[in-house]
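Asker: Sharing a structure here in structure tokens format.
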Amino acid sequence: MEFCPECGAMLLPQDDKLKCKCGYEKNLSDTNQYEVSEKIESKDNVILKGEDVNTLPTTNVTCPECGNKKAEWWLQQTRSADEAETRFLRCTSCKHTWREYD
């Protein structure tokens with residue numbers, strides 16, 4: 001692998017030359033061998049995250065819609081910066097969302 005001396009990008013073989021995106025070109029010599037492979041072998045697993053993945057903290061509070069006793073919560077600044085954040089809660093059962101103010 002060779003890099004462009006002008007911009008530092010990787011030089012790619014094209015038409016018997018190594019070319020850079022900035023316009024720099026270098027002739028390929030007969031002694032060097034270059035191979036470009038687009039095959040990617042990855043052993044990493046892809047994790048798909050659905051909508052129902054629970055990533056928020058939970059608290060014990062009664063849902064005003066269904067009476068469930070557990071809800072996810074998060075804080076969000078909805079008013080001016082000198083006022084307290086608004087606490088949002090979402091029922092873990094029916095997904096009803098409501099807010100509480102401090």
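Just so you know, all these numbers are worked out from the coordinates, no wet-lab data involved. Because the structure is a prediction, the values reported are computed rather than measured.
Asker: What are the ³J(HN,Hα) couplings of the stretch 18-28, residue after residue, when phi is run through the Karplus curve with 6.51, -1.76, 1.60 and θ = phi - 60°? Round to Hz, x for glycine and proline.
Answerer: Residue by residue, the stretch 18-28 yields 9, 10, 10, 5, 7, x, 5, 10, 9, 5, 7 Hz.
Asker: Collect residues whose amide H, placed 1.01 Å from N in the peptide plane, falls under 5 Å from the amide H of residue 61; neighbours closer than 5 in sequence don't count.
Answerer: 70, 71
Asker: Counting only residues 5 or more places away or on other chains, whose amide H sits under 5 Å from the amide H of residue 96 once H atoms are built in the peptide plane?
Answerer: Residues meeting the criterion, in which the H sits 1.01 Å from N, are 91.
Asker: Residue by residue through the stretch 59-72, which ³J(HN,Hα) values in whole Hz follow from phi under the Karplus form 6.51 cos²θ - 1.76 cosθ + 1.60 (θ = phi - 60°), with glycine and proline marked x?
Answerer: Computed from phi, the couplings for the stretch 59-72 are 9, 8, 8, 8, 6, x, 8, 10, x, 4, 9, 9, 9, 7 Hz.
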